[in-house]
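Notes follow the structure.
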Amino acid sequence: MIPWVTVWGYSADISIRGQTLFVREKGMREAARYPLDTVSHLLIAGDNILHTAVISQCAKRNIPISFFDIHGKPEGSLFCREPHLSAAQDAVPKHAFSLAAAEAAADSRMRFLHELAESHEALFYQGEFDILAHARSEFEYLITLPELSRGYALTKNMYYEILSRVVPKSLGYVRRVEGAAPDPVNVLFSRGYAVLYATVSAACAGAGLDLNKGSLYDKPGACVLEIMEPALVPLVDKAVIKTASSGLLNSFARSASRCIIPEEAAAFFADELSHSLDRKIIEENVCAYANAVEEGAVVSYHYPA
């Protein structure tokens, strides 16, 4: 079973003939072929050509289709089940759920930074890790959701800036930027997070969760984004940093509107991502979240370190 089929960019032609999905990327003579009975999720990012027969056949087989803009921002999805837990999600203790996600995500980021510091002696500026650790320790004392969100955002922003010190300066990565990515590292973050979003989204739909009802965030896809937070480092960020450190991004190019990843680097990253994005682990955490919602308990995340 293929975890997902990803179409990213412009003017790709997505069609179906018989029981086979065809994806012909712009400028390519040959189309990639995927037997429909092996496809579990179709991700489409950017402005591409989608034949209506693809939608029809995916509907018959209950294969989710997720749509993103070219920068990885979720735009919507098709063929998700009815969210029977929607009412229960309205009644969850929002601060407790937000705190669980924020603490698990911050702890994951701090562990990764410790791991990187073992091979990068000057990773932290003087007193910087103490500031990060102190901000993390304050989470449980931040009473309101806005306070918790600000404290969590501080640790998150610091993490992405510290990561820039292990990435070659020639790549131009300074911090995490959403939207039009100014450098290849941010492009990889956006791609990886889009794939993770779609994978978590499909699991949430299967568990009966309303994708738009969360606690840590108040925006479309809030439930998915909340469950994703503790998973970003082990399932995506490590693959991004490994690719950035491989030297394969050195020949990246820029156009007027976007940063273009070398094909070899894109293939390397896709391979790393396919190994790290463990659907079973994701589904286990989504089930734990759904059970906590249903039982009125506090969720506990169990992603790999």
_Check which residues have an amide H placed less than 5 Å from H41's amide H, if you skip close sequence neighbours._
V5
*Quick one: Cα centre-to-centre distance for the range 82-149 and the range 225-248, in angstrom?*
16
*Which peptide among 168-179, 122-133 comes first, and what is the full order, when sorted by highest mean count of other Cβ atoms within 10 Å?*
168-179, 122-133
*Report, for the chain, the % of DSSP beta bridges that are antiparallel, rounded to 5.*
55
*Selected from T155, N62, L123, residue furthest toward positive end of dipole (the chain; charges at beta carbon)*: N62
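What is the percent of Cα-Cα separations in the range 5-63 that go past 13 Å? Walk me through the numbers on the way to the answer.
Details: 969 of 1711 pairs.
Summing the P(r) of the range 5-63 above 13 Å gives 57 percent of all pairs.
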*How would you rank I63, I260, I55, going from fewest to most other Cβ atoms within 10 Å of each one's own Cβ?*
I260, I55, I63
*Rounded if a/c under 1.5, otherwise prolate or oblate - the range 106-252, Cα gyration tensor axes*: oblate
*Looking at the chain, do any whole DSSP H helices span at least 18 angstrom along their long axis by alpha carbon and average 0.0 or above on Kyte-Doolittle, and which?*
94-117, 184-206
_Dipole of the chain, positive end: most advanced residue of T52, V293, F97 [Cβ charges, Cα centre]_ = T52
*Okay, helix-only estimate at 222 nm for the chain: each DSSP H run of n ≥ 4 adds -39500 (n - 2.57), divide by all residues, round to 500 deg cm²/dmol; what do you get?*
-14500 deg cm²/dmol
*Roughly how many nanometres apart are two label points built 7 Å out from the Cα toward the Cβ at H95 and H134?*
2.4
*Gaussian network model of the chain, Cα springs within a sub-10 Å range: biggest mean-square fluctuation belongs to which of L99, L85, L277?*
L85
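Since every read-out is calculated from the coordinates, none of them should be taken as a lab result. Remember, it's a predicted structure, so these values are computed and weren't measured experimentally. Note that we place each Cβ from the backbone using ideal geometry, even for glycine, and neighbour counts take in every protein chain shown.
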